[in-house]
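Engineer: Starting off with a structure, shown below.
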Amino acid sequence: MNEHIFLPKPLFPRHVCFPDYIGGFSEFPDHLVNREFQTQEFNLHRNYNLHVVLDGKGYLVTEGKRYELGKGQGFLYGPGMRQKYYSDSSEPWNIRWIHFYGERLEELLDSRGLDEPWLFSLSNLSSIESLIEKLLSLGRTYQIDDEYTVASALYELLTRLQTTSDRLNVPINHASDKIRAVANYVRSHSHESFSIDKAAALAGYSTHYFSRKFGQTFGKSFPDFLLEARLIQAKRLLASTQLSVKQIALDTGFSQASYFSACFRQLEGMTPLQFRSLHRIGEE
């Protein structure tokens, strides 16, 4: 088997999930994929890439480790990830793949495949295989009215996949490393105009995923972290300079002195001028 089926864009633009490209290989020992980060091949900078092994075996390489995958196992790559996998030469895998996209897939998939490939083992291969074969069958004879059946079949496949599988690889917490690096950058540039969208882009994540992971990493929201960073800088200026409250507000990223003073009072329990006065008394 060597099959590649491309589907047209759906008429309804907000499906939870929809396949862009489906297919499979069998008896093909030379199957080898080695894609770089953010490759645009098959729109994989935007699409998820799911593979399920029906028979034989192959390998996936990530972070210098090689994982062997056999019948009833598979993997999922999120958009833009570096990808390397290949078939065993003596027992080539019989494999099916689905490249797909959709609305709010991070939530549906619980962020699987975004930091590293998700490798899994299925407890019920037959149900997943039948859904994949249904998608292939629909793709071969695709008509406009099949759009909703295709979308629902893929949705069922993805939800079943999560409830009938166990993770094979131990997750590596790349997200925390990236988010900590961005947090350090934000702290040192907190006087600049900063939105959560900009911070998420620096980390290379969507805003939704970044926001959730940021909260898990620091125990506070990104806006609260940014506000804290700005107030730390403001306290330094209040204690060590003669700058006016208005100027300090502008120099630390606040658009208005009144908003700065309100935030300062709420978090510090005193006004900026009271803080300055107390600090000077302490120094004397």
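Engineer: Go ahead and estimate [θ] at 222 nm for the chain from helices alone: -39,500 (n - 2.57) per DSSP H run with n ≥ 4, summed, over the residue count, rounded to 500. Spell out each step's value before the answer.
Structural biologist: Values: 10 runs with 122 residues, N = 284.
About -13500 deg cm²/dmol.
Engineer: Next up: Taking neighbour counts of Cβ atoms within 10 Å as a proxy for exposure, in what order, fewest first, do VAL61, VAL186 appear? Intermediate values should be presented prior to the final figure.
Structural biologist: Values: VAL61 15, VAL186 19.
Least crowded to most crowded, the residues run VAL61, VAL186.
Engineer: Now a separate question. Below 11 angstrom from the Cβ of PHE222, what's the summed charge of the other residues (Lys, Arg +1; Asp, Glu -1)? It would help to have the intermediate numbers written out before the result.
Structural biologist: Details: positive: LYS198, ARG212, LYS213, LYS220; negative: ASP197, ASP224, GLU228.
My count for the surroundings of PHE222 gives +1.
Engineer: In addition: To the nearest 10 degrees, how steep is helix 125-140 against the longest Cα principal axis of the chain, on a 0 to 90 scale?
Structural biologist: Rounded to the nearest ten degrees, it is 80.
Engineer: Of the labelled options [x] 15.7; [y] 18.6; [z] 17.3, which one gives mean projected area of the Cα convex hull in nm² as computed for this structure?
Structural biologist: After the calculation, the listed value that fits is [y].
Engineer: Using the alpha-carbon atoms, what tilt in degrees (0 to 90, nearest 10) does helix 207-218 show relative to the longest principal axis of the chain?
Structural biologist: 60 degrees
Engineer: Give the distance, in whole Å, between the Cα centre of the stretch 85-137 and the Cα centre of the stretch 174-234.
Structural biologist: Computed from Cα coordinates, the inter-centre distance equals 32 Å.
Engineer: What angle, in degrees between 0 and 90 and rounded to the nearest 10, separates the Cα long axis of helix 174-188 from the longest principal axis of the Cα atoms of the chain?
Structural biologist: Value to nearest ten degrees: 20.
Engineer: Dipole of the stretch 2-167, Cα-centred, from +1 at each Lys and Arg C-beta and -1 at each Asp and Glu C-beta, to the nearest 20 debye?
Structural biologist: 180 debye
Engineer: Among the lysines, select those whose C-alpha is under 30 Å from the C-alpha of LYS213, and discard any that sit fewer than 8 residues away in the same chain.
Structural biologist: Partners found: LYS65, LYS84, LYS178, LYS198, LYS235.
Engineer: List the trypsin sites (Lys or Arg not before Pro) in the stretch 1-66 that DSSP assigns to loop (not H, G, I, E or B) and whose Cβ has at most 16 other Cβ atoms within 10 Å. Which are they? Provide the component values of the computation, followed by the final result.
Structural biologist: Numbers: sites: ARG14, ARG35, ARG46, LYS57, LYS65, ARG66; in loops: ARG14, ARG46.
Qualifying residues, ordered by number: ARG14, ARG46.
Engineer: A follow-up question, please. Using only the Cα atoms of the stretch 98-187, construct the convex hull and provide its projected area averaged over every direction, in square nanometres to one decimal.
Structural biologist: Working: hull surface 29.8 nm².
For the stretch 98-187, the mean projected area of the Cα convex hull comes to 7.4 nm².
Engineer: Have a look at HIS4, TYR209, GLY80 and report the one farthest towards the positive end of the charge dipole of the chain, computed about the Cα centre with Cβ charges (Lys/Arg +1, Asp/Glu -1).
Structural biologist: Of the candidates, TYR209 comes out farthest on the positive side.
Engineer: Using the count of nearby Cβ atoms within 10 Å as a rough guide to exposure, how do ARG187, ARG96 rank from fewest to most? The partial results should precede the final answer.
Structural biologist: Values: ARG187 15, ARG96 24.
Arranged by neighbour count, lowest to highest, ARG187, ARG96 become ARG187, ARG96.
Engineer: Arranged by the count of other C-beta atoms within 10 angstrom, fewest first, what order do ILE179, ILE232, ILE132, ILE144 take?
Structural biologist: Working: ILE179 24, ILE232 12, ILE132 21, ILE144 8.
Lowest count first: ILE144, ILE232, ILE132, ILE179.
Taken together, the values in this text are just the output of simple stated rules run on the coordinates, not laboratory data. In this text, all values refer to a predicted model and were calculated from it rather than measured experimentally. Glycine also receives a Cβ, built like all others from the backbone with ideal geometry; neighbour counts cover every protein chain displayed.
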